[in-house]
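Undergrad: Starting off with a structure, shown below.
The values are calculated or read from the model by the stated rules, or taken from the named source; none is laboratory data. All values reported here derive from a predicted model rather than from experimental measurement. Counting neighbours? That spans all protein chains shown, and the Cβs are built from the backbone with ideal geometry, glycine included. These area figures cover heavy atoms from the full protein model, side chains too; ligands, DNA and RNA do not enter into them. Shrake-Rupley method; radii C 1.70, N 1.55, O 1.52, S 1.80 Å.
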Amino acid sequence: MEENDITELDDSLDDIEPVNSSSGLYEHFRVTVDKGQTPVRIDKYLFERIVNASRNRIQTAADNGYVMANGKPVKSSYKVKPLDVLTVMMDRPRYENDIIPEDIPLDIVYEDDDLMVVNKPAGLVVHPGCGNYHGTLVNAIAWHLRNVPTYDPNDPQVGLVHRIDKDTSGLLVIAKTPDAKTHLGMQFYNKTTKREYNALVWGIIDEDEGTIEGNIGRNPKDRMQMAVMSDPTQGKHAVTHYQVLERLGYVTLVKCVLETGRTHQIRVHMKHIGHVLFNDERYGGHEILKGTHFSKYKQFVNNCFAICPRQALHAKTLGFVHPRTGKELFFTSELPEDMTHLLEKWRAYISNREES
């Protein structure tokens, strides 16, 4: 699960970069300190006044120059004084947080009064966020459930229970009621759900199966990436089990079973053991990492990239206990067309190579 949110600030507060000046910044929050206020750290003061903002996120914003007192950036240790004007700035304008229903097609695998399971196509953003405020899966769900009086897409007590990346395809469960979201959320937290992914990775994995363990956190060298932390006290605990399904010369098709659900977990863990996902641009999989130097092979791989123009990762199965009936539900989604054609192309390549 990769969750969110600050109500007064947009949720990209986790991904801010340091700023050199206040030019080009936009005000997202402002408060004037009371006359009788006793000295207190600014991170503590703002934490008590900004709804749903964690103190750690406020500290990060302050340390990167986004929290100001009387127009000047201050660190999180700054002690507020009476009549200080405190502002939280961002490098983008505020946006309307309300989720607007949009008529976007949905592939609904299952639906009842408590929940729905959808098969998300690659390329569809799951939740509105920085740069993607419309055209998301959440907007599509809001449209589909627009005539259900008890479903409010802006209520955090209903809706998405977990997420997958924009360019990952596959199954997601959505809760229609607060009780359903609570029960399903606890299943994810307690690791009792069943989640299996299929991934095509670079290189031949020798072992038939294995387990990858390693805390995952933001890569200090590239904030757009996550990474396995060398310091065991950093990042979040993450466990991925994998099993080889098919070896295809220079790539391997694997089944990955998630024990935890961290941001980019499979992508990061597979890279950590030397097997980057095929065509995963963010983690270097869009380069030819294995194979020959012949121009014919390079053309073949580039054709494969064109067939599947995203990381080759699909959330294939999802299992959980129904929050109301107690019945165990299990869903399977076949590989999408781009990954199917990709595998067919690799099989044909290996077959032709063996025959020649």
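Undergrad: Take the alpha-carbon centre of the range 300-356, take the same for the range 155-187, and report the distance between them in whole Å.
TA: With the range 300-356 and the range 155-187 each reduced to a Cα centre, they are spaced 23 Å.
Undergrad: Still on this model: Do the alpha carbons of any pairs in Lys44/Lys181; Lys166/Lys191; Lys44/Lys236; Lys255/Lys327; Lys255/Lys345 sit beyond 28 Å of each other, and which pairs?
TA: Over 28 Å Cα-Cα: Lys44/Lys181.
Undergrad: Using Cα pairs under 8 angstrom and six or more residues apart, how large is the relative contact order of the range 231-307, in percent?
TA: Relative contact order comes out at 19 percent.
Undergrad: Just checking my list [x] 1.02; [y] 1.08; [z] 0.92 against Rg/Rh (Cα atoms, Kirkwood Rh) computed from this structure; which label fits?
TA: It is the one labelled [x].
Undergrad: Also, quick follow-up: Measuring from label point to label point, each 7 Å out along Cα→Cβ, what is the Arg247 to Thr38 span in nm?
TA: For Arg247 paired with Thr38, the spin-label model returns 6.9 nm.
Undergrad: Carbon-plus-sulfur fraction of the accessible area of the chain, 1.4 Å probe, in percent?
TA: 48 percent
Undergrad: How far apart, in nm, are two points set 7 Å out from the Cα along the Cα-to-Cβ line at Ser54 and at Glu334?
TA: Distance between the two pseudo-spin positions: 4.1 nm.
Undergrad: Using a 10 Å cut-off on Cβ atoms, rank the peptides 244-253, 223-232 from the highest mean neighbour count down.
TA: Answer by packing, highest mean first, reads 244-253, 223-232.
Undergrad: So, one more: Quick one: if the Förster radius is 41 Å, what FRET efficiency do Lys296 and Asp206 give, using the C-beta to C-beta distance and rounding to 0.05?
TA: 0.95
Undergrad: Send over a whole-number figure in Å² for the accessible area per residue of the chain, probe 1.4 Å.
TA: Heavy-atom accessible area per residue stands at 50 Å².
Undergrad: Give the relative contact order (percent, whole number) for the chain; include only Cα pairs under 8 Å separated by 6+ residues.
TA: 13 percent
Undergrad: Applying a 10 Å radius around every beta-carbon, put 39-47, 106-114, 322-330 in order of their mean neighbour count, most first.
TA: 39-47, 106-114, 322-330
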